[in-house]
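The values are calculated or read from the model by the stated rules, or taken from the named source; none is laboratory data. All of these numbers come straight from a predicted model, not from anything done at the bench. We place every Cβ from the backbone using ideal geometry, glycine too, and count neighbours over all the protein chains shown. Note: accessible area is taken over every heavy atom of the protein model, side chains too, but ligands, DNA and RNA are not part of it. Shrake-Rupley method; radii C 1.70, N 1.55, O 1.52, S 1.80 Å.
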Amino acid sequence: MDKGTSIEILAKAIQFEIEGHDFYERTGKRTKNIKGKALFSQLAKDETRHANLLIAQYNSLKEKGGWIPYNEILKGIDPEEIKRQREVFTKPIKGQKKGHNQIGKDTDDIGALRLAISQEEEASGFYKDAEMGTDDPKGKVLYSKLAEMEKKHLIILKAEYDSLSNSGYWCDFPEFTMESME
């Protein structure tokens with residue numbers, strides 16, 4: 001993959017993370033459940049951290065022409081970078097449906113969790129595709145780590161959804177079986 005394409009993918013990833021942060025921040029303020037507020041607040045912080053990782057890699061690729069090893073990115077993250085770069089990365093994503101990740105006035109906590117689950121599935125898939133599409137081993141590691149982080153978010157959100165919706169499942173496992181009722 002050429003440098004220009006890599007930069008475009010990183011820019012799109014940064015935008016996803018910023019939108020994710022904003023979504024979780026809005027959702028955390030709206031939710032009535034105290035645990036839900038804490039969950040969404042933590043997810044917003046995680047998305048900010050992801051955006052800062054990506055911004056560092058984006059800047060390196062754009063300015064120096066090369067990828068930074070993942071462990072070096074972690075050491076050099078500037079937590080304030082997202083505030084300085086926000087305007088650059090908040091343009092609408094090409095081909096994105098209107099209303100993506102939007103919470104309506106009538107969206108309840110379960111509806112918000114459904115949106116969050118969808119968002120995390122999309123992000124995880126995006127990073128897996130980016131990992132497969134890049135030739136650079138450092139880029140592969142970054143995208144693999146991000147896909148893994150988004151997958152963990154997905155597990156947490158699904159468990160919370162199962163709990164709130166009284167689905168009979170907890171962390172994708174049945175809370176009871178018919179055999180246990182005999």
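Okay, here's what the table says:
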quantity	calculated
Flag for residue 5 being open to solvent by less than 40 Å² (accessible area, probe 1.4 Å), of a type outside the set (Lys, Arg) and either over 22 Å from residue 148 (Cα atoms) or part of a helix (DSSP H, G or I) (or both)	no
Residues located in region 36-66, provided they are farther than 20 Å from residue 124 by Cα, open to solvent by 30 Å² or more (accessible area, probe 1.4 Å) and touching a residue at least 40 places away in the same chain (Cβ under 8 Å)	62, 65
Count of region 8-35 residues which are open to solvent by less than 60 Å² (accessible area, probe 1.4 Å) and assigned to a helix (DSSP H, G or I)	17
Odd one out for residue 146 among (1) at pLDDT below 95; (2) open to solvent by less than 10 Å² (accessible area, probe 1.4 Å); (3) more than 17 Å from residue 28 (Cβ to Cβ)	(1)
